[in-house]
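Below is one structure, written out as structure tokens; comments come after it.
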Amino acid sequence: MNTQSKQDVLIVGSMAFDDLTLPSGVFPDVVGGSATYCAMAASLFAPARLVAVVGSDFPSRVLEELRARGIDTRGIEHADGKTFRWAGRYADNLASRETLKTELNVFADFRPKLPPEYRDSTFILLGNIQPELQLEVLEQVRAPQFVAADTMNFWIDSERPALERVLKRINALVINDEELRQLSGEHNIRRGAERVLGLGPERLIVKRGEYGAMLFDAEGIFFVPAFPLEDEQDPTGAGDTFAGALMGRLAELGRVDALTTRQALLSASTVASFCVEGVGTTRLGSLKLGEVKQRLGELRGLLHLE
Ligand code: AMP
């Protein structure tokens, strides 16, 4: 697809309080949620528009901080009750985690409602929420041009028909390798990718944590490494950060083709690496574009052979 100039990115997803048990300690009430990470990452490159729900306990300070980054928060619904809460515990090597608690709270009755000003959005990122709600967002956008979606094991298991309808309406699916195996029923990533591309999206991006990410599309396969970090603090939200940065960079470039997608993947990997360097959104919150550009250069250096 072709558009003229920098576009906004419309993001729907969760906003949450996370209770994180990390090797470095226990961190309660950390502001998180898929939409929060996606929007913070996307806003490094392009204006972001958020659609989500928070409860009456959600601090207005956080919303002000988001607005200060150029994130449009008019699509955030303020509901009576408690904000969505998720608790997770990581293994000592941070490579795996278990969900200890998911309290939907105000998220349970959430029906995304786009403010009229959002309906002209062209770049859409459907963060990890119920597939039916992802479809409801698409219904409200006048002429979406590039739609990417994330999902998770829970929806693959319990909402497969709705998820398959989502897959038919998106341009790119961004999932991790476990989710790909579950969705495709194939252990082999390449065969699994072929199956998923057969379900609808033109591009599939498979996130593989510290081993980087792979893109599958009509032009072939592309690999982007993860930036090798010396100090990993908290991988929570790294996948959402990756997807948000990918869409933000594509919206900034204003054009999605084989080359810009590959360029945006390098930015996505770079920004996601910063996310892991702090607990919750702390590192993303202080991140400057100059730092991203410098690390992007270092990442490119890792791939250069001369
Ligand atoms: P990631 O580490 O990229 O998988 O993202 C973690 C974020 O997703 C956390 O901030 C959680 O609040 C949020 N999250 C966890 N479970 C869910 C869920 N079922 N629906 C929506 N968001 C969730």
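Structure summary
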item	result
Approximate shape of the stretch 65-220 as ellipsoid semi-axes (Cα gyration tensor, √5λ), whole Å, largest first	26, 22, 15
Pairwise Cα inverse-distance average, inverted: Kirkwood Rh of the stretch 170-298 (Å)	14.9 Å
Accessible surface, the chain, averaged per residue in Å² (probe 1.4 Å)	44 Å²
Mean residue ellipticity (222 nm) of the chain, computed from DSSP H runs ≥ 4 via -39,500 (n - 2.57), nearest 500	-11000 deg cm²/dmol
Residue-span extension gain [Leu303 to Thr21] - 0.36 nm each, minus C-alpha spacing	98.1 nm
For the stretch 1-66, diffusion coefficient by Stokes-Einstein and Kirkwood Rh (Cα), 20 °C, 1.002 mPa s, µm²/s	159 µm²/s
Whole-number percent relative contact order across the chain, with pairs defined as alpha carbons under 8 Å at least 6 apart	19 percent
Spatial extent of the chain: Rg and Dmax, with the Cα atoms as the point set, Å	17.8, 60
Full-extension gain in nm, Glu98 to Asp157, via 0.36 nm per residue minus C-alpha separation	19.5 nm
Shape call, the stretch 1-127: gyration tensor on alpha carbons, a/c limit 1.5	prolate
Computed label-point distance, nm, for sites Lys293 and Gln263 using a 7 Å Cα→Cβ extension	1.4 nm
Anisotropy class of the stretch 106-173 from Cα gyration tensor, a/c 1.5 cut	oblate
Relative contact order %, the stretch 80-142, counting alpha carbon pairs below 8 Å whose residues are six or more apart	28 percent
Assigned charges on the beta-carbon of Lys, Arg, Asp, Glu; the chain dipole about Cα centre (debye)	720 debye
Residue (of Cys38, Leu215, Cys275) at the positive-pole extreme of the chain, dipole from beta-carbon charges	Leu215
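The values are calculated or read from the model by the stated rules, or taken from the named source; none is laboratory data. All of these numbers come straight from a predicted model, not from anything done at the bench. Cβ: placed from backbone, ideal geometry, glycine included. Neighbour counts: every protein chain shown. Heavy atoms of the whole protein, side chains included, go into the accessibility calculation; ligands, DNA and RNA do not. Shrake-Rupley method; radii C 1.70, N 1.55, O 1.52, S 1.80 Å.
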